[in-house]
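Have a look at the structure below before the remarks.
The values are calculated or read from the model by the stated rules, or taken from the named source; none is laboratory data. Only a predicted model underlies this, so the values are computations on that prediction, with no experimental measurement involved. Positions of Cβ are backbone-derived with ideal geometry, glycine not excepted, and every protein chain shown enters the neighbour counts.
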Amino acid sequence: MANPFAGEVTLTMNGQRHVLKLTLGALAELEAQLGEDTLVALIARFENGAFASRDVLALILAGLRGGGWAGAKDDLMQADIAGGPMEAARVAAQLLVGAFGAPEVHGARETDGTV
């Protein structure tokens, strides 16, 4: 079971449920894959709805690796993702929110102390 307070998200791939998380190591791998692009630019693309399938693939791969998956990029490219590309995009966006957004408690931000 995924823990959203730890930035975890679930994805069903090839009939198997996986927990994804953007750990520091996974983020470093993601940055290396993005090349000259930045994580800030990636976040902006998702916020503006201007992300590409390669962005979704890179985030899902980083999240799977952060969750302990030992597969390769080619394995992911051939995988059957339950819910298809739309679900993959939703999970990718949730990964970004989980890694960089403030967690919420009962509808209020945890950091402001209100509930």
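Can you tell me which of Gln94, Gln16 is among the polar types (S, T, N, Q) and farther than 16 Å from Pro4 by Cα? Can you show your working first?
On the way: Gln94 fails: farther than 16 Å from Pro4 by Cα.
Unique residue meeting the criteria: Gln16.
If you check Ala2 against the conditions, is it assigned to a helix (DSSP H, G or I) and touching an Asp or Glu at 6+ places or on another chain (Cβ under 6 Å)?
Working: assigned to a helix (DSSP H, G or I): no; touching an Asp or Glu at 6+ places or on another chain (Cβ under 6 Å): yes.
Taking the combined requirement at face value, the residue does not satisfy it.
How many of the residues making up the stretch 5-28 are out of contact with any helix residue (DSSP H, G or I) (no Cβ under 6 Å at 6 or more places or on another chain) and in a loop (DSSP other than H, G, I, E, B)?
3
Between a first residue in the stretch 1-21 that is within 16 Å of Val97 (Cβ to Cβ) and free of Cβ contacts under 8 Å to residues at least 40 places away in the same chain and a second residue that is of a type in the set (S, T, N, Q) and in a strand (DSSP E or B), which pairs have beta carbons less than 7 Å apart while being 6 or more apart in sequence or on different chains?
Ala2/Thr10
Looking at the stretch 32-60, which of the residues that are touching a Leu at 6+ places or on another chain (Cβ under 7 Å) and either of a type in the set (Val, Ile, Thr) or exposed (fewer than 15 other Cβ atoms within 10 Å of the Cβ) (or both) is nearest to Ala99 (Cα to Cα)?
So the residue we want is Ile43.
Could you tell me whether any residue of the stretch 61-84 is free of Cβ contacts under 8 Å to residues at least 40 places away in the same chain and crowded, with 19+ Cβ neighbours inside 10 Å?
Yes, because at least one residue in the stretch 61-84 is free of Cβ contacts under 8 Å to residues at least 40 places away in the same chain and crowded, with 19+ Cβ neighbours inside 10 Å.
Enumerate the helices (runs of 4 or more DSSP H) found wholly within the stretch 29-115, keeping only those where 2 or more residues are out of contact with any Ser or Thr (no Cβ under 7 Å at 6 or more places or on another chain) and modelled with pLDDT of 90 or more.
Values: elements: 39-47, 53-66, 73-78, 84-100.
So the answer is 53-66, 73-78, 84-100.
So how many residues does the stretch 85-94 have that are of a type in the set (D, E, K, R) and without any contact (Cβ under 8 Å) to a residue 40 or more places away in the chain?
Initially, the stretch 85-94 is screened for residues of a type in the set (D, E, K, R), giving 87, 90.
Filter again for without any contact (Cβ under 8 Å) to a residue 40 or more places away in the chain, leaving 90.
Residues in the stretch 85-94 being of a type in the set (D, E, K, R) and without any contact (Cβ under 8 Å) to a residue 40 or more places away in the chain: 1 in total.
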